[in-house]
Amino acid sequence: MSTIAISEHRSNAPADPELMAAPPMIEVRDLITHYGTREILHGINLSVRQGEIMVIMGGSGSGKSTLLNALLGLLRPTSGTIRLLGQDLNAISDVERTKLRQKMGVAFQGGALFSSLNVLENIMLPLREHTKLDRNTMRIMARMKMQVVSLSGFENLMPAELSGGMIKRAALARAIVMDPRILFCDEPSAGLDPVVSSAIDELILNLRDAMGMSIVVVTHELESAFKIADRICVLDKGHILTVGTVEEVRNSANERIQNLLNRRTEAEVLDPDEYLRRLTGMQQ
Amino acid sequence: MLARVGDQMERMGRATAAGMAEFGLGAVLLAQCIYWVAVGHRRAQPVRLDAAFARCMEVGILAIPIVTLMALTIGIMLAIQGIYSLRVFGAEEQVVLGVGMSVVREFGPLITGILVAGRTGSSLAARIGTMRISQEIDALSVMGINPVRFIVAPALIAMMIMVPTLTFWSSIVMLAGSGWYISVDLGMSWAAYIERLTEIIKFGDVLHGLGKSLLFGVLITLVGVINGTLVSGGAEGVGKMTTRSVVISICAIIVTDMVFAFIATRS
Ligand SMILES: Nc1ncnc2c1ncn2[C@@H]1O[C@H](COP(=O)(O)OP(=O)(O)OP(=O)(O)O)[C@@H](O)[C@H]1O
Ligand SMILES: [Mg+2]
């Protein structure tokens, strides 16, 4: 009995019975979403516990972004429920949703930094809008988060002057500035060089360990997924193929999963520089 | 044959429905702006006045040079045309009547509206479209910051202040342009010109022009924002919707102007 508990602990899954009993931070039940008349997600069930890092993987077009958008409340599901911190995202009032959203942080794939604000102002924005702190305190708090993502000294740069990796780190800093309970990261390390990419992985692990955040990461990068995940959720064509620990997924006998894992390693990922070029192109 | 007519009817019907939907979107957007201005404070989500002032700067102050230049040119052009056509009746002196009325009631608001539509309406559509595809709007939403409150309401306030202000300025510049040409061509003194103007232009005319320009400001903002939010498909999509925004807002301005003129001359 005890050996089982220990081995479970080794594989990162929180085996603490108290945690297991606690209500999940994220709970998705029978989620179905449509774009127009096309059904994209066909009944997703998923739960993420306190302090857990859940990695969502899957081929291109498998519905990862769609699932993330639904979790963020950006896409209304056709049916099914999404509970964040015990609250039904689509049933609560606007005021409650605004409050709920202050307890979650999101780092978007392209960063989504506000191009008219510099890095420090970007990171300070949630504080400015949701707290009554004075400007100096806000500045200090934002600087602390910049330190966490090793961006100190770049406070006054505009987003257009940042490299791809710096944008992702700034976006991460903005996502955690309110010390959220849940953190969502869309492709946090895609297209970055291995050093930066592994630094971001470390950062995510540290955030979980230091603040006990629950973290949902969408990623293409197998290596990074295996490094940070407590559990991996494999999506395929809008269905969940499996949810399991790194070991379970790696050793899965399921042919589709194996195909996916092997194919993924060769697949091209969206290069953030190219993404930026597309964005800036329209200004000319 | 009948099938083709039916086809076309259907296409027209669908386009009309889409147009109506956009119209509805505009009404909803306006209502939301008013809502946030009214109750934003109570929900700890105030519409930021500093943001509105920053927009005022961009919408209004930076537009002054081009508005002034255009207004001056059009003022002179109006005087030239007026004198030329009135000479047929030997009534050149009456040019002040035509110029004074038409500038304050029509040309001031119209020219300013069109310039602002080209300058600010397009940049609004491009800005919001870009923010949409770069997920900045999504980022605002998930931070619990309402995008209408944060972006649209300040822009709308700025336009409602600055378009009438610019209109007032451009009307004065137009009248000055006309006055300059009239004094040169007809030898009318500035004092006589201004006296004639004050006789002709009633307070109601000024109000008519400014009221109209307020409406133009609202129209330009709503059209720009809606086209921005309808952007899809990267940079090209932004370009397309920016163009569309300018075309639609200019059309809206001209149609509104015509309706206004009709109603005002009836009553
Ligand atoms: N805005 C949209 N309108 C219509 N269909 C969409 C839209 N966005 C995504 N889809 C469709 O939904 C399906 C899932 O897309 P989604 O973006 O969730 O995939 P993904 O797993 O994130 O892929 P990728 O790894 O390439 O980002 C795709 O088949 C796509 O065609
Ligand atoms: Mg995606």
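The values are calculated or read from the model by the stated rules, or taken from the named source; none is laboratory data. What you see is a predicted model, and the numbers here were worked out from it, not measured in a lab. FYI the Cβ positions are ideal-geometry reconstructions off the backbone, even for glycines, and counts take in every protein chain you see. Protein only, heavy atoms only, side chains kept; ligands, DNA and RNA dropped before computing areas. Shrake-Rupley method; radii C 1.70, N 1.55, O 1.52, S 1.80 Å.
A:ASP179 label point, 7 Å along Cα→Cβ, cut-off 20 Å on backbone N: hits in segment A:198-220?
From segment A:198-220, the list is A:203-216.
Rounded to the nearest 500, what is the protein assembly as shown's calculated 222 nm mean residue ellipticity when only DSSP H runs of at least 4 contribute -39500 (n - 2.57) each, over all residues?
My calculation for the protein assembly as shown gives -19500 deg cm²/dmol from helical runs alone.
Calculate what fraction, in whole %, of the accessible area of segment B:48-266 sits on carbon and sulfur atoms when a 1.4 Å probe is rolled over the protein chains.
C and S fraction of accessible area: 74 percent.
What does the highest-first list of B:115-125, B:141-151 look like by mean Cβ count within 10 Å?
Highest to lowest by the protection proxy: B:115-125, B:141-151.
If eta is 1.002 mPa s and T is 20 °C, what Stokes-Einstein diffusion coefficient results for the protein assembly as shown, Kirkwood Rh from Cα pairs, in µm²/s?
80 µm²/s
Please give the helix B:122-133 orientation as an angle from the longest Cα principal axis of chain B, in degrees from 0 to 90, rounded to the nearest 10.
10 degrees
Could the peptides B:233-239, B:165-171 be put in order, highest first, of the mean number of other beta-carbon atoms found within 10 Å of their residues?
For the peptides B:233-239, B:165-171, the packing ranking is B:165-171, B:233-239.
Straight-line reach from B:LYS212: which aspartates and glutamates fall under 20 Å, measuring Cα to Cα and dropping same-chain residues less than 8 apart?
B:GLU106, B:ASP257
Listed highest first by mean packing, meaning other Cβ atoms within 10 Å per residue, what order do B:102-111, A:34-43, A:70-79 come in?
Order by mean packing, descending: B:102-111, A:70-79, A:34-43.
How big is segment B:99-194 by Rg and Dmax over its Cα atoms, in Å?
20.2, 66
For the pair A and B, how large is the buried accessible area, both sides, in square angstrom to the nearest 100, if the probe is 1.4 Å?
2100 Å²
Report, in degrees rounded to the nearest 10, the 0 to 90 angle that the Cα long axis of helix B:2-39 makes with the longest principal axis of chain B.
The helix B:2-39 is inclined about 90 degrees to chain B.
Please tell me the relative contact order of segment B:67-182 in percent, rounded to the nearest whole number, where contacts are Cα pairs under 8 Å and at least six residues apart.
Relative contact order here is 57 percent.
Among the listed pairs A:LYS99/A:LYS168; A:LYS145/B:LYS240; A:LYS99/A:LYS145, give every one whose C-alpha distance is greater than 28 Å.
Long pairs (Cα-Cα over 28 Å): A:LYS145/B:LYS240.
To the nearest 10 degrees, how steeply does helix A:119-130 sit against the main Cα axis of chain A, on a 0 to 90 scale?
Rounded to the nearest ten degrees, it is 80.
What spacing in nm lies between the two simple spin-label points modelled at B:ARG4 and B:ALA44, each 7 Å away from Cα in the Cβ direction?
Spacing of the two 7 Å Cα→Cβ label points: 6.5 nm.
Could you give P(r) for segment B:48-266, binned at 5 Å from zero, as whole percent values over all Cα-Cα pairs?
1, 8, 14, 16, 16, 13, 10, 8, 6, 4, 3, 1, 0, 0
Considering Cα pairs under 8 angstrom that are at least six residues apart, work out the relative contact order of segment B:116-267 and quote it in whole percent.
Worked out over segment B:116-267, it gives 46 percent.
Between rounded, prolate and oblate, where does chain A land on the alpha carbon gyration tensor, with a ≥ b ≥ c its root eigenvalues, rounded for a/c under 1.5, else prolate if a/b exceeds b/c?
Here chain A falls in the rounded category.
Could you provide, to the nearest whole Å², the per residue accessible area of chain A with probe 1.4 Å?
I get 47 Å² per residue for this part.
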